[in-house]
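Data block below; observations after.
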Amino acid sequence: MKTIKYLITALVLTLVMQLHSQSDDVTKEPGYVDFGDFTSLEKSAGVTEVELGQDVLSALASISSDEDPNIMAILNGLKLVRANVYEIDDKNRDQLMQKVNEVDSKLSNTSWKRIVRTRSEDETANVYIKMNSNKKIIGLVVTSFENSGEAAFVNIVGQIDLATIGKLGKKFDIPSLDDINRKDSGEK
Amino acid sequence: MKQNKSIIVIIAPILLLFLTGCIGVNRQFSQVKDKIMGELGSDYRTEFQFSVGPALIHVSSWLVDMSADEEYVDDMMREISSVQVGIYNKIDENKDKANFSTLIALDDHMKKSGWKYIVRTADGDELTAVYISNDPEEVLKKMYVISLEDEKLVIVEVNGNLQKVISYALKEKKFKINSEL
């Protein structure tokens, strides 16, 4: 009898630990997007990857509150900010454009909603949001391609307020993010 | 009596240097350095390797306070408790140059040692990565900055209240996450 009790306790603890570790895994969040494999782009002339987890964002929130309480509110609700940015050259141009189209295709076929799309001769930019059942934004993706510049893939996971997210982009100079408020909602 | 005084005069500065951490680097720094060099696959010669403890940083902040125009530099230095720096020169120039894939491979080693990157960049021949601790208690208390340019490898470990360091950087310099774009 005692052995069975210990076994059940151990099993319950193991299950609780598993659930806890899964809840900490941001890749399981509905607002997270796997952009796929960037291995073939690693030899680009310029590559930047940024990954700010919840612990870093919370820490930054606590220090930002003095200068701008709004920034604190934005940062506190976020679980992940990540960006992959590549300098475009003749060798990777087609690959990067294909990647932008792949992400567009992937998100368009799911519950993500594209709210901004801009296209010109030199530039393509898309903004997507994911909403939960309470109509709150829990994920944001920005893809941009500037023919004579860089291609960027940005994913923000957490509670997002579009009205103030542009402030975050401006504050941290995150590519494309600071332009969201300046682009009209809806496809163009 | 004179001999005792001489001994004190000689030993006191040495003790001071040791206590303030102003000589050599510690084992953790050496382990991180070895992992990095192992991943880079080249041999390096140490050009410079030292640590700066709170006493010397405090003294330095006085000098900075007198000379720097911006107040935030002095304020930032007050938040740093210690710094360890290593500068190394590549010996074997025939080996392949490191690239972004090297940073990715390095990340595996750093993760196992309890570090995660927040920024990593490759810009031509220059590779840079910034690592912070995976331990929630240590987040933004310790940071490694790794820079590899041409034949020179630089590793910097910064300890202190890094939240404020970043805060000042944000406020005064508008810390650019995409600074390498």
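Numbers below:
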quantity	calculated
Condition met for A:Ile88 (surrounded by 13 or more Cβ atoms within 10 Å (Cβ to Cβ) and closer than 25 Å to A:Gly158 by Cα)	no
Yes/no for A:Tyr86 being in a loop (DSSP other than H, G, I, E, B) and of a type in the set (Phe, Trp, Tyr)	no
Residue list for the range B:124-141, restricted to those being touching an Asp or Glu at 6+ places or on another chain (Cβ under 6 Å) and within 9 Å of chain A (Cβ to nearest Cβ)	B:Pro136, B:Val139
Within the range B:47-67, tally of residues that are at pLDDT 70 or above and within 22 Å of B:Asn159 (Cα to Cα)	10
Helices (runs of 4 or more DSSP H) wholly inside the range B:68-181 containing at least 2 residues that are modelled with pLDDT under 70	B:71-79, B:162-173
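The values are calculated or read from the model by the stated rules, or taken from the named source; none is laboratory data. Quantities reported herein were computed from a predicted structural model and do not represent experimental measurements. Quick reminder, even Gly has a Cβ in these numbers, built from the backbone with ideal geometry, and neighbours come from all protein chains shown.
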